[in-house]
1. Quick check on this structure: which one of Ala324, Ala275 is at pLDDT 95 or above, more than 16 Å from the ligand (Cβ to nearest atom) and within 19 Å of Pro187 (Cα to Cα)?
2. Considering only residues of region 196-233 that are acidic (Asp, Glu) and in contact with a strand residue (DSSP E or B) (Cβ under 6 Å, 6 or more places away or on another chain), which is nearest to the ligand (Cβ to nearest atom)?
3. Taking the residues in region 386-398 that are touching a residue at least 40 places away in the same chain (Cβ under 8 Å) and touching a helix residue (DSSP H, G or I) at 6+ places or on another chain (Cβ under 6 Å) as candidates, determine which candidate is nearest to Ile323 (Cα to Cα).
4. For the list (1) under 17 Å from the mean Cα position of the chain (by Cα); (2) modelled with pLDDT of 95 or more; (3) surrounded by fewer than 22 Cβ atoms within 10 Å (Cβ to Cβ), I need the number of the one condition that Ser145 fails.
5. If you go through region 248-269 one residue at a time, do you hit one that is over 20 Å from the mean Cα position of the chain (by Cα) and closer than 26 Å to Leu63 by Cβ?
6. Of the conditions (1) within 17 Å of Lys317 (Cα to Cα); (2) surrounded by fewer than 17 Cβ atoms within 10 Å (Cβ to Cβ), Asp220 clears all except one; give me its number.
7. Of the conditions (1) part of a helix (DSSP H, G or I); (2) in contact (Cβ under 8 Å) with a residue 60 or more places away in the chain, Pro314 satisfies every one except a single condition; which number is it?
8. Among the numbered criteria (1) farther than 28 Å from Leu370 by Cα; (2) in a helix (DSSP H, G or I), which single criterion is violated by Ser328?
Amino acid sequence: MTGRILHLGVGNFHRAHQAWYTQAARGWQITGVSLRSPALRDKLQGQGFDYTLALKDARGTRLERITVLDDILFADDPAGIKAAGHQADIIMLTVTEKGYHLGPDGQLDLEAPAIKADLSGDTHTIYPFLLGALEGRDKPVTILSCDNLTANGDSLRAALSRFAQACGKALTAEVRFPNAMVDRITPATTDALREEVAKGGMACAAPVETEVFTEWVIEDDFAGPRPAWEVAGAQIVPDAAPYEMRKLRMLNGAHSALAYAGLLKGQDYIHQAVADPELRALINGVFDEASATLPAPVETDSYRAALLDRFANPALKHSLRQIAMDGSLKLPVRLIGTISDLNGATPHCRKAVAAWMQFVQQEVAQGRALDDPKATQISAACAGDDPENALARIIGYSA
Ligand code: CS2
């Protein structure tokens, strides 16, 4: 089976995860789209959009050349993106939590400035591009969200329908939105990585490093053909929700806990934070609390042991600041769900939320810009009389 994928948000995570699986499946090609900057296109076009992936664990590094990406388009070319969308059998997305513009109720936020602008004809967000790809197409399409949102496919379907409705349109094409859990820890690219791959004989202007471990669990709900991603270990299942909940609440919940608590202690990387006995106890508590909320058939003992090993991977320098960004959107999915499911009897998850509050207050006090779409609200909350309560309201948390 051969086919085409259009991928919105062609960042490091896509290049370490879905592109790697697609290469293993053979026969499919990907057109990438960068929505925010043409920088990656400019770096990769001189090498035909091929790039080097460095797979790292305690035993060393394995370099692979990834060749499934055959073009990268930038958001300034809506007509080109539309045409590529029409040709695609699958449209995938990795645009991070903030790329969806969902409000606290999980619905598309029609008041968000970028959404308002797009409703009047601009192209800042994913929505006009997705609608354009659906309009006037003559074959079915699968839209596959690969971001860390709860029920990412269902959430995207609801948000896109709302956007279409607000434009006076309806989703007419035959389209499916499978939910999916995606997992592979992927730090930002460093100069050290560029030097390492060049020394290894696979020089690249924009290499990516990642761990050897990887998981992808996708609901079996495709409108048309798909790559045989199972050859690289992807699981196609009737219901991805239990896997997704385990990953978001255990891996991502612990990641956020380590990020804020670690930064407050002056640490820089996940492998340092997880080696700190106090923080290790904190995430063991997060694991216990999250585990108590998961559906019975989900295995958690070996999963948590694997997480501790993965976090300790000495070969990956995964920066706490990278994980700490966008906390106002991450915490509800990663920690607040566990806290509310257990009626607040979750001292460790609450401690992690308290670390976020302390972290943002410290950043604001030190005059550093917050990397969060709600930075303005957070700064105002920190400057008010009761920062804790104001911050709690921003993340929908009852302290
Ligand atoms: C991390 C995730 O940056 C973050 O917030 O928690 O990107 C994490 O590394 C991935 O979800 C792992 O699959």
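The values are calculated or read from the model by the stated rules, or taken from the named source; none is laboratory data. Keep in mind that this is a model prediction, so the values were computed, not measured. Using ideal geometry, Cβ is built from the backbone for each residue, glycine included, and neighbour counts are taken over all protein chains shown.
1. Answer to the check: Ala275.
2. The selected residue is Glu215.
3. Step by step, filter region 386-398, then rank; the result is Ile395.
4. Only one criterion in (1) under 17 Å from the mean Cα position of the chain (by Cα); (2) modelled with pLDDT of 95 or more; (3) surrounded by fewer than 22 Cβ atoms within 10 Å (Cβ to Cβ) is unmet by Ser145, namely (3).
5. Checking region 248-269: at least one residue is over 20 Å from the mean Cα position of the chain (by Cα) and closer than 26 Å to Leu63 by Cβ.
6. Result: Asp220 passes all but (1).
7. In the conditions (1) part of a helix (DSSP H, G or I); (2) in contact (Cβ under 8 Å) with a residue 60 or more places away in the chain, Pro314 misses (1) alone.
8. (1)
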